[in-house]
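The values are calculated or read from the model by the stated rules, or taken from the named source; none is laboratory data. None of the values given here were measured: they were computed from a predicted structure. Heads up, the Cβs are rebuilt from the backbone with ideal geometry, glycines too, and the neighbour counts pull from every protein chain shown.
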Amino acid sequence: MYIANVHIENFRNFSTIDIPLKPFTIIVGKNDTGKSNFVDALNILLYNSKGNYYAKSLSKYDFNIKCVNDFISKMSAFYVSIKDNFDAENYAVELIKNAPVVIIRLKFEDAKNIYEQSLLRDWLNGDEKLQYFEVEYKYYLKDIKKLNKLISDLNGEGLLEERHADFQLFLECYDHSLKSTNNDKSIDYTKIRNFVANTIDAERDSFSSGDTSGATRVVANIIDSGLNLKDKAELTKRYNEFFDGIQSLESFRSIYSDIVSQNKSIKDFIDDIKLVPNAKKYKDIIENITLSYGNDMLFQRGLGTRNLIFLLTLYSYFLNDTFKRFNLVCIEEPESHLDINNLKIAIEFFQKAQGKNTLTQLVLSTHSNQIMNKLELTNVVLLLNNDQVTDLSNIDSELVYYLAKRENFDTLNMFYASKLIFVEGATEEIYINALLQQDASLNNIRVISIGQKGFKTFIETWKSLHDESQDKLGVVRDYDRQDQAKQDHEAYNSNSIMVKTSLGKEFEDDFVNKDDNLAKLNKLFGKKYSAQEMYNHMTSDKLNNIIAVCQAADTGEVFSTPDYISSLLEWMKQ
């Protein structure tokens, strides 16, 4: 089973949003799109990994700012309309109607067996064909009696005019509820304790930063859940045997030798003093075990190694949870501090771990192209802004497959760059990037080479992700003497998309024939070529020749930019 959808209303940056999940999901978003807030919302409804109920009461700052401002605006207007004939009861009714409510709703699906169904049975919704299980957290203005007294007290003390829209004040009357949506019945501790949210956040650098680190707790939990009774008994036995072996250490006995030699009468008393284990319980023993790596203590290793071991150890623990709980594991930025080799290990581990335990659901949030591309783009959910989400499994399947096969494709820039240019090949990519470096007003533009085919598919995909934004897409393409293709592509031109095609057959044709570029190219390459000969030379080794052009431009040579590219860049500036 797994959480298939998370519905959030009025929580932090989210006004209203539905975020679809799979058994394994990769959440991707720019900074401040709400990835961490999403994880916090899950923690509010579920238990956290320490076995304690997460704080259910919210502060003013947990409410979406828009809903708070709407409340203040409406209550201010209503108060002005009735203040000459103020009626506390009517005012309370209006306040309750407009009071912001935070809702977090989880929809579970695919309970595969009787045990999983038994965990969820009280939350059953739908019919025989489409069954799902849904639970809802709500934080709302609940204590009406307290509210009426508060309004009465404010009015009696002459403070209502000043504080009639003080949301912080009215939060005193708020409380939470946790209910099943199918029957509106409350859910108690015993029903939710088997649903655990485990968060490994991005700020995990303190793991094993010293020999009294958090590694001890993690290892203790793993030992406790992973060992059977026989192994636990053996561990305790071996621990006691260690102390039995040092009972007769002469160095320990020698500290009393002078006293005993001077006073034989206390020998019997001294003989009863023994070394014994300080850890009297099994739990005390395992909490004094920590991790090492190779010949070093873990805290002696670098952040990357520590983070990798932390991720692998903790997630393995959740996968092998012997308590038969549902574990939602949220890992923020698993790539943090990992070099390319350790990142590869982490990716392979997550690949192999998928589907190992149907009671474990994994959510990763990342800024890594490698993680997205290697762990399948169909698992990616994009947070585009505070209210817009795109599930890549709903995007054109051919494009998703194509991107997945291009290991180093700059997927993140296609999703999130506010100004983006698609080009056909590396030549245009290198050349345009060189132009961008020369003009500070163009430094927010990103360039992606997509190859010679697929412009339409890429444009359609970009439109589906950016259509409601102010973002811009430029397309630089070769004419290739194909009039119909030119017409088809330029049909996409709009306020947010501009497609530009070379006048000649391709980029090199236009570049050689622009103004006095031919003379400058002959000087650069030490040639006396005609335009056609220079075109042939430029296309014979495209990459090295355009690199030579860009290097010359860096040292002061000024080449003219082909019209179709210069006009596109001017449009991108606007």
* Structure fact -> Counting only residues that are part of a loop (DSSP other than H, G, I, E, B), under 21 Å from TYR479 (Cβ atoms) and either at pLDDT below 95 or among the small types (Gly, Ala, Ser) (or both), the stretch 531-563 contains a total of 1
* Asked: Taking the condition surrounded by fewer than 21 Cβ atoms within 10 Å (Cβ to Cβ), closer than 30 Å to THR555 by Cβ and modelled with pLDDT under 95, does ASN386 pass?
  -> no
* Asked: Any residue in the stretch 11-20 that is under 24 Å from ASN221 (Cα atoms) and surrounded by 18 or more Cβ atoms within 10 Å (Cβ to Cβ)?
  -> no
* If you scan the stretch 515-559, which residues turn out to be polar (S, T, N, Q), within 44 Å of the chain's Cα centre (by Cα), within 21 Å of GLY425 (Cβ to Cβ) and exposed (fewer than 14 other Cβ atoms within 10 Å of the Cβ)? -> ASN544, GLN551
* Asked: Just one of LEU130, LEU46 is within 30 Å of ASN194 (Cα to Cα) and in contact with a strand residue (DSSP E or B) (Cβ under 8 Å, 6 or more places away or on another chain); which is it?
  -> LEU46
* Asked: Among (1) of a type outside the set (Asp, Glu); (2) modelled with pLDDT under 95; (3) within 30 Å of the chain's Cα centre (by Cα), where does ILE72 come up short?
  -> (3)
* **Lone qualifier among ASP122, ASP84 - being within 26 Å of ILE19 (Cβ to Cβ) and in a helix (DSSP H, G or I)** => ASP122
* Can we say SER464 is touching a residue at least 60 places away in the same chain (Cβ under 8 Å) and assigned to a loop (DSSP other than H, G, I, E, B)? -> no
* Structure fact -> Picked from the stretch 294-344 (must be touching an Asp or Glu at 6+ places or on another chain (Cβ under 7 Å) and closer than 23 Å to ILE44 by Cβ), the residue surrounded by the most Cβ atoms within 10 Å (Cβ to Cβ) is ASN327
* Looking for whichever is free of Cβ contacts under 8 Å to residues at least 12 places away in the same chain, loosely packed, with under 15 Cβ neighbours inside 10 Å and not in a helix (DSSP H, G or I) here; the options are ASN69, ASN31, ASN90. Which one fits? => ASN31
* To do: Could you tell me whether any residue of the stretch 498-508 is aromatic (Phe, Trp, Tyr), in contact (Cβ under 8 Å) with a residue 40 or more places away in the chain and within 16 Å of THR427 (Cα to Cα)?
  => yes
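To keep it simple, each residue is scored yes or no on (1) under 56 Å from the mean Cα position of the chain (by Cα); (2) at pLDDT below 80.
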{"residue": "LEU249", "(1), (2)": "yes, yes"}
{"residue": "VAL260", "(1), (2)": "no, yes"}
{"residue": "LYS264", "(1), (2)": "no, yes"}
{"residue": "LEU303", "(1), (2)": "yes, no"}
{"residue": "PHE310", "(1), (2)": "yes, no"}
{"residue": "SER316", "(1), (2)": "yes, no"}
* Asked: How about the stretch 137-185: which helices (runs of 4 or more DSSP H) wholly inside it have at least 1 residues that are of a type in the set (Gly, Ala, Ser) and either in the same structural domain as VAL80 (by TED's automatic domain parsing) or at pLDDT 90 or above (or both)?
  -> 144-156
